[in-house]
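What follows is one structure encoded as structure tokens, with my remarks underneath.
Bear in mind these aren't lab numbers, they're just calculated from the coordinates by the rules spelled out. On a predicted model such as this, the values are computed, not experimentally measured, just so you know. All Cβ positions, even for glycine, are placed from backbone atoms using ideal geometry, and neighbour counts span all protein chains on display.
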Amino acid sequence: MKLGVLMSDFRSGSDVIDRISAEKLGIILVGNGIYHATVKEGGSASTVLSKSANFYVLADDLESRGFTSANVDSRAKVVTYSDLVDIIFNDYEKIIWI
């Protein structure tokens with residue numbers, strides 16, 4: 001299955017991500033979830049980024065929190081709402097929100 005996961009929280013949800021298995025996995029960081037791609041705690045990137053997946057960061061949520069694409073981990077791609085719609089409809093069969 002091709003699964004897209006919208007992740008909107010920074011402090012919870014990573015345990016769920018660890019248990020997900022899919023043929024193709026896309027993790028879309030929205031809301032406070034964008035901190036997984038921008039903040040390093042204790043010098044280390046979020047463990048969410050260690051998952052074998054395609055990572056996306058919603059540009060509007062990134063900018064509203066004072067970050068730019070330069071602050072985003074290289075494993076994640078910054079996308080617009082329009083890009084997000086294309087990703088959801090073209091790349092993934094199922095979408096979940098955690």
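Per-residue extension of 0.36 nm, minus the Cα-Cα distance of residue 22 and residue 70, leaves a gain of 14.3 nm for this segment. Distant-in-sequence amide contacts of residue 24, defined by a placed amide H-H separation under 5 Å and a gap of 5 or more residues or a different chain, comprise 2, 3. Here the Karplus relation 6.51 cos²θ - 1.76 cosθ + 1.60, evaluated at θ = phi - 60°, turns the backbone of region 39-45 into coupling constants of 9, 10, 9, x, x, 10, 6 Hz, with x for every Gly and Pro.
Out of region 28-83, which trypsin sites (Lys or Arg not before Pro) are coil in DSSP terms and have no more than 12 other C-beta atoms within 10 Å?
40
Would you mind calculating the relative contact order of region 2-97 from Cα pairs under 8 angstrom and at least 6 residues apart, reporting the percent as a whole number?
Computed value for region 2-97: 34 percent relative contact order.
Hey, what D do you get for region 2-97 in µm²/s if you plug the Kirkwood alpha-carbon radius into Stokes-Einstein at 4 °C and 1.567 mPa s? In µm²/s, the coefficient rounds to 98. If the elastic network links every pair of Cα atoms under 10 Å, which of 54, 32, 71 fluctuates the most in the Gaussian network model of the chain? Highest fluctuation of the listed residues: 71.
Computed from point charges on the beta carbon alone (+1 for Lys and Arg, -1 for Asp and Glu), the dipole magnitude for the chain about its Cα centre is near 240 Debye. Using the Karplus relation 6.51 cos²θ - 1.76 cosθ + 1.60 with θ = phi - 60°, the per-residue 3J(HN,Hα) values for region 53-63 come to 7, 8, 10, 10, 10, 6, 4, 4, 5, 4, 5 Hz, with x marking Gly and Pro.
Classify region 47-98 as rounded, prolate or oblate from the Cα gyration tensor: take a ≥ b ≥ c as the square roots of its eigenvalues, call it rounded if a/c is under 1.5, otherwise prolate when a/b beats b/c and oblate if not. Oblate. A full extension of the chain between residue 89 and residue 41 corresponds to an added length of 13.9 nm, given 0.36 nm per residue minus the alpha carbon distance. Based on DSSP H segments of at least four residues, each scored -39500 (n - 2.57), the chain has a per-residue ellipticity at 222 nm of -6500 deg cm²/dmol.
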